[in-house]
Amino acid sequence: MNVPSHATGQLPWPRWAYVPGETGGIEADDETLGLAKALVPSAFRGYVPARHPALRYGLALNDRGYFWEAQEVLETVWAAAPQSGRERILLRACIHIANANLRLRMQKAHSAARLFGDALAELMSLTSRKAAPAGDGFVESFPIPALTALLQAKLGRPQLSKADWIAISAIVRS
């Protein structure tokens with residue numbers, strides 16, 4: 001996935017990946033994340049567009065190993081998503097996945113498995129909700145069955161490791 005463009009060109013990658021408790025007292029690169037967060041409206045109307053630059057950037061952050069940063073940007077998109085919209089559910093699942101990926105990096109496999117389970121539960125609830133056509137919405141363009149199957153496979157392993165992290169955009173491309 002390419003980094004989305006905005007008014008001044010491409011959004012930059014954060015200067016480092018923040019890992020709570022492991023970055024030697026260095027805080028997250030909030031300045032860089034602020035550029036993406038500033039692209040999010042106070043509220044999306046009806047649905048979250050699949051090609052919204054902050055959404056695409058948040059997913060790309062996850063896929064590049066910026067898990068904490070991905071969670072931060074995706075939470076901003078989630079907060080602006082319609083309150084009863086299906087995108088909120090899918091965004092929550094993506095946030096859980098980014099958080100689980102971070103836990104894997106921190107070698108907290110049990111916590112990661114719980115978060116992958118939370119993401120799977122969100123996807124299961126999403127598939128039980130009636131779809132309303134929204135054109136180019138995030139939910140309509142996302143391969144939910146493929147992500148569900150991947151999460152089930154990860155949760156079927158006896159033990160998760162750092163190598164079990166999930167690249168969300170790779171699912172979108174497959």
Determine, yes or no, whether residue 105 is of a type in the set (D, E, K, R), open to solvent by 10 Å² or more (accessible area, probe 1.4 Å), farther than 23 Å from residue 143 by Cα and over 14 Å from the mean Cα position of the chain (by Cα).
-> yes
Would you mention how many residues in segment 38-51 are touching a residue at least 40 places away in the same chain (Cβ under 8 Å) and not aromatic (Phe, Trp, Tyr)?
-> 6
In segment 76-94, is there at least one residue being within 20 Å of residue 43 (Cα to Cα), open to solvent by less than 10 Å² (accessible area, probe 1.4 Å) and in contact with a Lys or Arg (Cβ under 6 Å, 6 or more places away or on another chain)?
-> yes
Looking only at segment 138-174, which residues are at pLDDT 90 or above, open to solvent by less than 20 Å² (accessible area, probe 1.4 Å) and either of a type in the set (A, V, I, L, M, F, W, C) or outside any helix (DSSP H, G or I) (or both)?
-> 138, 139, 142, 144, 147, 151, 160, 166, 168
Residue set 46, 58, 24; condition surrounded by fewer than 20 Cβ atoms within 10 Å (Cβ to Cβ) and within 14 Å of residue 138 (Cβ to Cβ); output residue 46
Of (1) in contact (Cβ under 8 Å) with a residue 24 or more places away in the chain; (2) under 26 Å from residue 156 (Cα atoms), residue 114 satisfies every one except (1)
A careful count of residues in segment 145-173 that are touching a residue at least 40 places away in the same chain (Cβ under 8 Å) and in contact with a Pro (Cβ under 9 Å, 6 or more places away or on another chain) gives 1
Helices (runs of 4 or more DSSP H) lying entirely in segment 17-112 (those with 2 or more residues that are aromatic (Phe, Trp, Tyr)) | 67-80
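The values are calculated or read from the model by the stated rules, or taken from the named source; none is laboratory data. Everything numeric here is computed off the predicted structure, so don't read it as measured data. Neighbour counts are summed over all protein chains in view; Cβ atoms, including those assigned to glycine, are modelled from backbone coordinates with ideal geometry. For the accessible areas, the whole protein counts, side chains as well, though only heavy atoms, and no ligand, DNA or RNA atoms are used. Shrake-Rupley method; radii C 1.70, N 1.55, O 1.52, S 1.80 Å.
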